[in-house]
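Student: Please find one structure pasted underneath; my questions will follow.
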Amino acid sequence: MALATEPFILNIGPAHPSTHGVFRMRTTLDGEVIVDVEPVFGYLHRGIEKLCERRTYKKNIPLTDRLDYVSAINNNWPYVLAVEQLAGIQVPPRAEYLRVIMSELQRIASHLLAIGSVMNDMGIFFTAFMYMFREREKIIDLLEMVTGQRLLYNYMRFGGVSQDIPTEFLPALAKFLKVMPGYLDEYDQMLAENEILLSRMKGIGILKPQTAIGASTSGPVLRGSGIKWDLRKAAPYSVYDKLEFDVPTGANGDCYDRYRVRMEEMRQSLRIIQQAVEQMPAGKFQGRVPLRIRPPAGEAYAQIESPRGMLGCYLVSDGSELPYRCHFRAPAFLNLTVLRELLIGQKLADAIVIFGSIDISMGEVDR
Amino acid sequence: MGILMSTLPPDWPGNFWWHLLVLTLLLIGFLMTSVIIFIWMERRVIARFQIRLGPNRVGPFGLLQPFADVVKILTKEDIIPSRADKIIFWLAPAVAFVPVLMILAVIPLMGGLALADLNIGVIYIVAVSSVTAIGIFMSGFASNNKYSLIGAMREVAQLISYEIPMLLALASTVIMAGSLAVSGIVAAQSIPFILVQPLGFVIFLVATLAEINRTPFDLVEADSELTAGFNTEYSGMKWAVLYLVEYSEAVIGSVLITTFFLGGWRGPFLPPIIWFTVKVFASFFFILWIRSTMPRLRIDQSMALAWKGLLPLALLNLFITGVKVVFWPALSPWIAIPAYVFVTVLLVLLWSRLLRTRRPALGS
Amino acid sequence: MTTELSISDTAARLKAHFGEGVAPAGDGLATSPELLPRVAGYLRDTAGFDFDFLDMMAAVDYADRFELVYRLLSLKHNHTLTLRVNCDKNKAVVPSLAGLWQGADLQEREIYDLFGISFNGHPNLKRIVLWEGFEGHPLRKDFKDGAYGAGD
């Protein structure tokens with residue numbers, strides 16, 4: 001006897017505990033199985049690209065912070081790199097190392113939030129989240145020491161950074177670098193071999209390498225599928241070619257691999273920070289920058305490896321004080337291309353975990 | 001009336017109706033007090049697990065927090081969705097709550113002191129505990145909300161699946177004690193059944209967690225997926241009753257674990273009621289411990305665990321218990337306990353290997 | 001390190017295939033909208049190029065035209081190439097590359113939403129960041145609404 005069933009439409013979001021921001025997924029469910037998903041974007045669209053065209057170059061730096069508000073320092077970087085390329089501004093070595101240190105600290109903080117959120121979505125009821133946020137607080141305290149801000153730092157400037165580090169920063173950083181690996185081990189102890197976590201994440205949301213490449217994914221999503229592509233190694237910017245670190249990849253492309261890639265990347269970031277601190281020379285923290293920035297007409301494209309993937313800024317200048325066009329290549333936006341494919345055929349509970357493992361930040365997706 | 005009278009200790013003052021009244025009030029008082037303390041314990045203990053403080057503003061150590069919560073809930077507007085099925089919507093919290101109170105009627109709080117010590121107490125408990133599922137399903141169904149409906153469906157599926165292992169684990173204790181009356185089972189626990197029946201304890205613990213919708217089986221009210229599951233559309237007093245149901249079930253779960261496996265009110269030195277309370281609170285603490293550390297299972301994984309994992313183990317447990325009682329009734333506990341613990345560990349490891357997800361190696 | 005792809009060599013190879021429709025422009029190549037899918041397909045599938053990754057797509061509103069900038073990346077050879085396509089402002093229609101690279105899907109929808117450039121052959125060309133029913137295309141230079149000059 002065949003039961004008469006009919007699929008029904010369930011709106012997940014925009015205001016939902018697990019959508020990491022205002023994102024709406026219009027899912028068509030047949031029982032617990034998803035048969036179709038229509039992602040609805042735009043709830044956080046603020047028109048940042050249009051706003052950039054009306055402000056001078058320097059005023060746009062705080063605006064870029066608001067792109068991916070979870071890892072704000074990384075967003076300044078492609079923009080200032082693009083302007084430096086256009087205007088021919090040199091960056092002194094100390095500033096490069098400072099940029100690297102702050103960005104890697106921010107990478108750790110961002111991954112902590114990403115992993116904590118996924119664990120929370122799976123039902124650990126904030127315990128893993130709280131533990132990881134304890135570490136994120138330490139990082140935010142360090143960044144506050146330098147920039148005065150806790151979330152949206154506005155730290156980088158054309159030709160360097162906005163201010164040098166205070167004297168208490170390096171000892172505090174050394175203390176942090178000493179205890180952090182122990183905390184990462186603690187997370188691994190709690191989570192990595194947890195039976196329920198494995199059964200919820202292994203084999204779920206498998207992203208095949210060919211699909212990942214064709215869909216322009218990047219960051220841990222791409223590396224989780226086994227493709228060893230990291231801009232810091234493939235097209236090194238700043239001083240990354242002088243720093244030694246590994247690029248972790250996953251084997252299967254499931255949620256568990258993406259989670260492991262992020263955990264490993266945190267360890268590698270600690271290595272990078274350690275080396276950067278040792279190699280950092282004394283000197284100026286900002287290069288020579290004209291008072292009014294008027295890059296010559298032309299265009300530039302600069303990319304960095306942000307915690308979510310390849311973040312890029314395409315800048316077109318017409319020689320005036322305002323940018324002509326400023327486009328941001330947002331990794332979270334492009335990573336969402338695969339969302340529909342990954343979700344169809346999965347159960348509702350898995351959909352939340354898969355979505356969390358792609359790790360988006362709505363500020364970047366909608367811009 | 002004759003049966004009920006015969007369960008009174010011979011020196012009990014007054015007659016049947018006094019007994020009924022006093023004990024009803026006592027049990028309701030016990031339940032309510034336990035619920036209030038459990039609410040406080042939950043927030044405070046889980047907070048300590050999460051390296052934060054928990055409520056500490058309302059009263060010393062936040063002890064008045066549950067009262068503040070109750071005041072807040074009662075002052076909220078009682079909204080009924082316009083397209084909800086009003087009668088069922090209204091009845092559901094009551095249908096969910098009453099069975100919980102009814103279970104408490106057969107539990108002996110201390111030697112001989114139970115509201116109604118039925119000589120088929122175990123069967124009564126299992127029967128009545130299923131009715132809560134109807135209440136929860138009614139609340140999810142009547143809400144006219146897809147999230148609630150999904151929650152309600154999951155609830156019914158899970159509850160039915162876990163009834164059977166729970167019943168079989170209880171049946172093993174009945175075989176050990178030779179009596180279906182709850183007081184008889186407590187009386188037979190000169191050695192607590194947790195030692196004598198380790199496998200039964202594990203099964204019963206897992207099944208109880210699933211019955212009371214606690215992590216790792218709280219997919220019924222999964223915050224991150226279904227907003228609030230079956231109680232999404234409830235507010236005000238009706239929500240307060242459903243909230244009460246959730247905690248009362250936690251109390252009942254702890255009480256059942258205490259009575260059937262931890263020896264109930266038995267214990268040296270301290271008065272029995274103190275022992276009972278301590279054991280109930282210790283069980284709840286363990287339940288909270290699991291809640292703050294474990295992620296939740298998916299519905300199909302939870303059902304797989306019930307049917308493929310717990311049910312065969314429960315049958316094996318019943319078989320082994322039966323064999324032991326028939327062939328070696330007078331086996332010394334020094335041999336029986338280690339042997340059974342060894343068998344339990346073996347079976348649990350074997351079953352988890354059978355049910356385990358395949359694990360390919362990590363890349364990099 | 002990113003290997004440098006010689007623009008003149010690339011242009012020569014593509015000219016051999018596609019004739020005058022492909023020409024060097026800036027630090028990349030320019031082609032016409034009609035030839036775009038074939039050129040892109042050739043770049044993706046030919047050994048030696050292997051541009052399997054569409055890094056970025058952006059549109060720029062110049063005074064007399066729209067310019068679409070595609071940045072292609074080859075993960076295998078680690079080289080990049082910029083493709084430019086000009087299209088008319090009044091008749092802004094360009095073939096879609098969503099069939100070649102799935103990553104073009106959302107980006108083309110965004111460009112349609114914010115610039116009004118239509119993509120032929122796109123499976124689901126709807127507004128993406130703005131709501132359905134929004135009038136106009138904000139990133140155009142002549143967009144007038146609210147803060148951007150309406151009522152001036």
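The values are calculated or read from the model by the stated rules, or taken from the named source; none is laboratory data. Not measured: the values here are computed from a predicted model. Positions of Cβ are backbone-derived with ideal geometry, glycine not excepted, and every protein chain shown enters the neighbour counts.
Student: Within region A:326-349, which residues are of a type in the set (K, R) and modelled with pLDDT of 90 or more?
Tutor: If the condition is that a residue be of a type in the set (K, R) and modelled with pLDDT of 90 or more, then A:R329 is the only one that fits.
Student: Still on this structure: Check C:L73, C:L130 and return the single one that is surrounded by 18 or more Cβ atoms within 10 Å (Cβ to Cβ) and in contact with a Ser or Thr (Cβ under 8 Å, 6 or more places away or on another chain).
Tutor: Every option except C:L73 fails the conditions.
Student: Out of all the residues in region C:10-64, which are outside any loop (DSSP other than H, G, I, E, B), surrounded by fewer than 16 Cβ atoms within 10 Å (Cβ to Cβ) and of a type outside the set (K, R)?
Tutor: C:A12, C:A16, C:H17, C:F18, C:G19, C:E20, C:A23, C:P24, C:G41, C:D45 - these are the residues of region C:10-64 that are outside any loop (DSSP other than H, G, I, E, B), surrounded by fewer than 16 Cβ atoms within 10 Å (Cβ to Cβ) and of a type outside the set (K, R).
Student: If you go through region A:242-300, how many residues are without any contact (Cβ under 8 Å) to a residue 40 or more places away in the chain and at the interface with another protein chain (Cβ under 9 Å from one of its Cβ atoms)?
Tutor: 8
Student: Further question on the same structure: For B:P66, are the conditions met, namely being closer than 27 Å to B:A181 by Cβ and surrounded by 14 or more Cβ atoms within 10 Å (Cβ to Cβ)?
Tutor: No: the conditions fail for B:P66.
Student: Checking the structure you have, find out if any residue of region A:319-332 is in contact with a Leu (Cβ under 6 Å, 6 or more places away or on another chain), within 27 Å of A:L98 (Cα to Cα), assigned to a helix (DSSP H, G or I) and within 11 Å of another protein chain (Cβ to nearest Cβ).
Tutor: The answer is yes; a qualifying residue exists.
Student: If you check A:R271, A:R232, A:R223, which single one turns out to be among the basic types (K, R), part of a helix (DSSP H, G or I) and within 28 Å of A:I352 (Cα to Cα)?
Tutor: A:R223
Student: Within region C:108-141, how many residues turn out to be among the aromatic types (F, W, Y) and touching a strand residue (DSSP E or B) at 6+ places or on another chain (Cβ under 8 Å)?
Tutor: Selection size over region C:108-141: 3.
Student: Here is a further query. Only residues that are in contact with an Asp or Glu (Cβ under 8 Å, 6 or more places away or on another chain) and under 23 Å from B:V278 (Cα atoms): list them for region B:101-155, please.
Tutor: Listed by number, the residues that qualify are B:V106, B:P108.
Student: Restricting attention to region A:122-142, and to residues there that are crowded, with 22+ Cβ neighbours inside 10 Å and more than 8 Å from chain B (Cβ to nearest Cβ), which single residue is modelled with the lowest pLDDT?
Tutor: A:A128
Student: Out of A:I360, A:I352, report the one residue that is surrounded by 24 or more Cβ atoms within 10 Å (Cβ to Cβ), among the β-branched types (V, I, T) and touching a Ser or Thr at 6+ places or on another chain (Cβ under 8 Å).
Tutor: A:I352
Student: Moving on. Please verify whether region B:259-274 includes one or more residues that are of a type outside the set (A, V, I, L, M), surrounded by fewer than 16 Cβ atoms within 10 Å (Cβ to Cβ) and in contact with a helix residue (DSSP H, G or I) (Cβ under 6 Å, 6 or more places away or on another chain).
Tutor: First, pick out the residues of region B:259-274 that are of a type outside the set (A, V, I, L, M): B:259-261, B:263-269, B:271-272.
From the residues that got through so far, the ones that are surrounded by fewer than 16 Cβ atoms within 10 Å (Cβ to Cβ) too are B:268-269, B:271.
Add one more test, that the residue is in contact with a helix residue (DSSP H, G or I) (Cβ under 6 Å, 6 or more places away or on another chain), and what stays is none.
No: zero hits.
Student: Filter region C:90-142 down to the residues that are in contact with a Gly (Cβ under 7 Å, 6 or more places away or on another chain), more than 8 Å from chain A (Cβ to nearest Cβ) and farther than 21 Å from C:F53 by Cα and list them by number.
Tutor: Passing the criteria: C:A92, C:H137, C:R140.
Student: So, in region A:340-366, of the ones that are within 14 Å of chain B (Cβ to nearest Cβ) and charged (D, E, K, R), which residue ends up farthest from A:N75 (Cα to Cα)?
Tutor: In this case the residue turns out to be A:K347.
Student: Of all residues in region A:203-225, which are at the interface with another protein chain (Cβ under 10 Å from one of its Cβ atoms), buried (at least 19 other Cβ atoms within 10 Å of the Cβ), out of contact with any strand residue (DSSP E or B) (no Cβ under 6 Å at 6 or more places or on another chain) and not hydrophobic (A, V, I, L, M, F, W, C)?
Tutor: A:G214, A:T217, A:R223, A:G224, A:S225
Student: Here's a follow-up. Take the conditions more than 25 Å from the chain's Cα centre (by Cα), outside any helix (DSSP H, G or I) and away from chain A (no Cβ under 14 Å) and apply them to B:P338. Does it pass?
Tutor: no
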